[in-house]
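One structure is given below, encoded as structure tokens.
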Amino acid sequence: MPQDASPPYANSSHEGFQAAGGLGRPPAGGADDETIAGIRSVLAECGGLAVDAGTLAIDDDLYAAGLTSHGCVGLMLGLEEQFDVEFPEKLLNRRTFESIAAIRDAVRGLVDGGEA
């Protein structure tokens, strides 16, 4: 690789990933992007946020963005339908729904057959 070449992910589209604990690496692939897009779609439809879900970074605090306990219930139901999963009782807490990244991790764990 030439010395002046940068890695293919060294652009602003992955800056939020590093901030979310991704150690500066890009997402594993398109599945991660699809999961985040699905979460954003459900947030926009069911979350009752005070801001556009498309403008949020994946590590932004959803409660600060206007997510309420009522919105959280709608969000959870929408996510269950979108991803064909069921959130177990142990995941029904504030931390699970605090950010898009946290939701992504929980959904990923449920889709993979385990619990996040």
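Results, tabulated for the structure shown:
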| read-out | value |
| --- | --- |
| Condition check for residue 102: under 24 Å from residue 31 (Cα atoms), at pLDDT 95 or above and touching a Lys or Arg at 6+ places or on another chain (Cβ under 9 Å) | yes |
| Selection within region 65-97 - within 14 Å of residue 36 (Cα to Cα) and open to solvent by 90 Å² or more (accessible area, probe 1.4 Å) | 82 |
| In region 46-64, the residues that are open to solvent by 40 Å² or more (accessible area, probe 1.4 Å) and part of a helix (DSSP H, G or I) | 46, 54, 55 |
| Complete set of residues in region 21-45 that are at pLDDT 95 or above and buried (at least 17 other Cβ atoms within 10 Å of the Cβ) | 35, 36, 38, 39, 40, 42, 43 |
| Single unsatisfied condition, residue 100 versus (1) touching a helix residue (DSSP H, G or I) at 6+ places or on another chain (Cβ under 8 Å); (2) open to solvent by 20 Å² or more (accessible area, probe 1.4 Å) | (2) |
| Of the criteria (1) modelled with pLDDT under 70; (2) outside any loop (DSSP other than H, G, I, E, B); (3) surrounded by fewer than 19 Cβ atoms within 10 Å (Cβ to Cβ), which one residue 1 fails | (2) |
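The values are calculated or read from the model by the stated rules, or taken from the named source; none is laboratory data. Since this is a predicted model, take the numbers as computed values, not measurements. Ideal geometry is used to build each Cβ from the backbone, glycine not excepted, and the neighbour counts take in all protein chains shown. Remember, those area values only see protein heavy atoms, side chains included, never the ligands or the DNA or RNA. Shrake-Rupley method; radii C 1.70, N 1.55, O 1.52, S 1.80 Å.
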